[in-house]
Amino acid sequence: MNRRDALTHAFLSDLPFDTDSHPNLVQAVEDIARAVLTVEKNNADFAAARVLRRLVDPDQIVSFRVAWEDANGEVQVNRGWRVQGSQAIGPYKGGLRFHPSVNEDILRFLAFEQCFKNALTGLPLGGAKGGSDFDPTGRSEAEIMRFCQAFMRKLAPFIGPDRDVPAGDINVGPREIGYLFGAWREQAGIYGGALTGKGLSYGGSEMRVEATGFGVVYFTQHALAEQNTSFDGKRVAISGKGNVATHAAIKAIDLGARVVALSDTSGALICEDGLSHDAVQWVQAQKAQGAGIDTPPAAYCATFKPGATPWDTEPDIALPCATQNELDGDMAQTLIDGGCLCLAEGANMPLTDDAATALREADILHIPGKAANAGGVAVSGLEMSQNSHRRFMDADTVDSALQSIMTDIHTRVAEEGRNGDRIDYVTGANIAGYRRLAKAIVAQGIL
Ligand code: GLU
């Protein structure tokens, strides 16, 4: 466990929520507090404005019942939320997650992190997160549509292109965004970019689907270049089989890496020679059909190992792209013992506190999600500007813009985190995000 310094300890003893019922939020707040409280203390304006104390308390939390009728005509009841973290630098912005694990603690931690991530992009994006404890597993297309429509009936009054712009997250992809957008448009009676991640035929941006995974790899390229190395020939292990994981895999393969593992909750798909594009596309197709990845066709030379994790494969580069706290202290030790040189987070807060401490002590490059996976929300920002302009960019233009945004984020983080020839990405990302938010919050007065 981490030992808390006195400033962090004092800050954490006076949080405006019940810490026992918000373990994920406490973890996220501690990570940021440890990095930024000294900056806050040393800046009279930031300190007087109590910037961090204000940021840990979101602007609003909207919480609502979502009642809907399932395929058997039975009424189902779920909970829905939107946590609107900060609007200081732009409209609230962040994804929607549909998963049985969703609760207020998870969404408050994600909204808090999102404020800092979005600030790092340099774009005018505030921070928010939302979703529901609805479990889409095994639900029919019609049930998914009905749930999305019922969810949006409750959420619509609180969002809009200049107010709050949700997008996808776990289990909310292009299909769900389509239903959510249709329901919003019908209720609002206007056509506008109130959601991102839309389909190309009705206002979406090229490259939004690829952006998060590609962005993780673009950022990691810079971190590797700082160490005079690259993806070429490296063993890369990736957890997850969703949008972020598979697009990170595709880009890493393009850069000459050997992607030795992808995974889901039941085990790991391992391929010592490196998965091919075809194998990754098979994983995408299985996921789209709600099927497992435990029966890979022989042509892909991949084996599914039940119960295994990608971290057992002695990777040079680890990309956790599944979910929060998926990688614990023991798994981090396995990575360290296996010679891992760099870990970049495709998911939001995928490392437990113990895992993060182990990497820090072993001096392994650790790139936090708020920097590494910011490419997704950055292209959402580009989707918003394309919607405002009513003009679209082609895929190459968006990809170049994404690359230059990831380069800029790397520069901002490196500036704050450089220590000799090493960069502390965790501290650098927290301070760089904080500074932008703090300046905006101070400038706008006491709200
Ligand atoms: N859910 C994604 C994230 O964690 C994307 C959010 C967005 O595009 O608004 O950043």
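Could you compute the longest span of the chain free of trypsin sites (Lys or Arg not before Pro) located in DSSP loops and having at most 10 other Cβ atoms within 10 Å, not counting the site residues?
4-389
Over the range 51-140, with the other protein chains present, what is the accessible area per residue in square angstrom, probe 1.4 angstrom?
31
Which of the residue pairs K93/K241; K93/K287; K129/K154; K93/K251 have a Cα-Cα distance greater than 20 Å in the structure shown?
K93/K241; K93/K287; K93/K251
Under the rule of -39500 (n - 2.57) per DSSP H run of 4 or more residues, summed and divided by the residues of the chain, what mean residue ellipticity at 222 nm is obtained, to the nearest 500 deg cm²/dmol?
-14500 deg cm²/dmol
For the range 142-212, would you read off the P(r) tail past 17 Å as a percentage of all alpha carbon pairs?
When all Cα pairs of the range 142-212 are counted, 37 percent exceed 17 Å.
Determine the dipole magnitude for the range 255-377: charges of +1 sit on the beta-carbon of Lys and Arg, -1 on that of Asp and Glu, nothing else is charged, the reference point is the Cα centre, and the result goes in debye to the nearest 20.
480
If you take the charge dipole of the chain about its Cα centre, with +1 on Lys and Arg Cβ and -1 on Asp and Glu Cβ, which of G428, I177, L262 is farthest toward its positive end?
In the chain, that residue is I177.
So how much slack lies between T407 and Y202, counting 0.36 nm per residue of separation and subtracting their Cα-Cα distance, in nm?
That works out to 70.8 nm of additional length.
Contour minus end-to-end for A443 and A299, with contour as 0.36 nm per residue of separation and end-to-end as the Cα-Cα distance?
Once the chain is fully extended between A443 and A299, it gains 45.9 nm.
If I require 15 Å or longer along the helix axis, counting alpha carbons, and a Kyte-Doolittle average no lower than -1.0, what helices from the chain are left? Use full DSSP H segments.
Passing helices, by number: 23-41, 104-120, 141-155, 174-188, 208-226, 243-254, 277-288, 374-389, 395-417, 425-443.
Along the range 85-102, what does the Karplus equation 6.51 cos²θ - 1.76 cosθ + 1.60 (θ = phi - 60°) give for ³J(HN,Hα), rounded to whole Hz, x for Gly and Pro?
Calculated HN-Hα couplings, in order: x, 8, 10, 4, 10, x, x, 3, 8, x, x, 10, 10, 10, 6, x, 7, 5 Hz.
Once the Cα gyration tensor of the chain is diagonalised, what are the square roots of 5 times its eigenvalues, in whole Å and ordered largest first, as equivalent ellipsoid semi-axes?
Semi-axes from the Cα gyration tensor: 30, 29, 21 Å.
Tell me, what % of the accessible area of the chain is carbon and sulfur with a 1.4 angstrom probe?
48
Rounded to the nearest 20 Debye, what is the dipole magnitude of the chain about its Cα centre when Lys and Arg each give +1 and Asp and Glu each give -1 at the C-beta?
Once rounded to the nearest 20, the dipole reads 1460 debye.
Where the convex hull is taken over the Cα atoms of the range 324-386, what is its projected area averaged over directions, in nm²?
4.4
If I model a spin label as a point 7 Å beyond the Cα along the Cα-Cβ vector, how far apart are those points for E74 and S13 in nm?
Result: 5.0 nm between the two label points.
Could you work out the equivalent-ellipsoid semi-axes for the range 258-416, taking the square root of 5 times each eigenvalue of the Cα gyration tensor, largest first, in whole Å?
29, 24, 13
Would you mind checking which residues have amide H under 5 Å from L343's amide H? H placed 1.01 Å from N; only 5 or more apart, or other chain.
Under 5 Å from the amide H of L343 lie the amide H atoms of A318, L365, H366, I367, each far enough along the sequence or on another chain.
What list of ³J(HN,Hα) couplings, whole Hz, do you get for the range 5-13 from phi and the Karplus terms 6.51, -1.76, 1.60, once you set θ to phi - 60° and write x for glycine and proline?
Values, residue by residue: 6, 4, 4, 5, 4, 4, 5, 6, 7 Hz.
For the range 1-138, with only Lys/Arg (+1) and Asp/Glu (-1) charged at the beta-carbon, what is the dipole magnitude about the Cα centre, in debye rounded to 20?
520
Give me Rg over Rh for the range 40-156, both radii from the alpha carbons and Rh done the Kirkwood way, two decimal places.
Radius of gyration relative to Kirkwood radius: 1.10.
The values are calculated or read from the model by the stated rules, or taken from the named source; none is laboratory data. Just so it is clear, the structure is predicted and the values come from calculations on it, not from any experiment. Because the Cβ atoms are built from the backbone with ideal geometry, glycine has one as well, and the counts that use them run over all protein chains shown. Accessible surface is based on the protein model in full, side chains and every heavy atom, while ligands, DNA and RNA are left aside. Shrake-Rupley method; radii C 1.70, N 1.55, O 1.52, S 1.80 Å.
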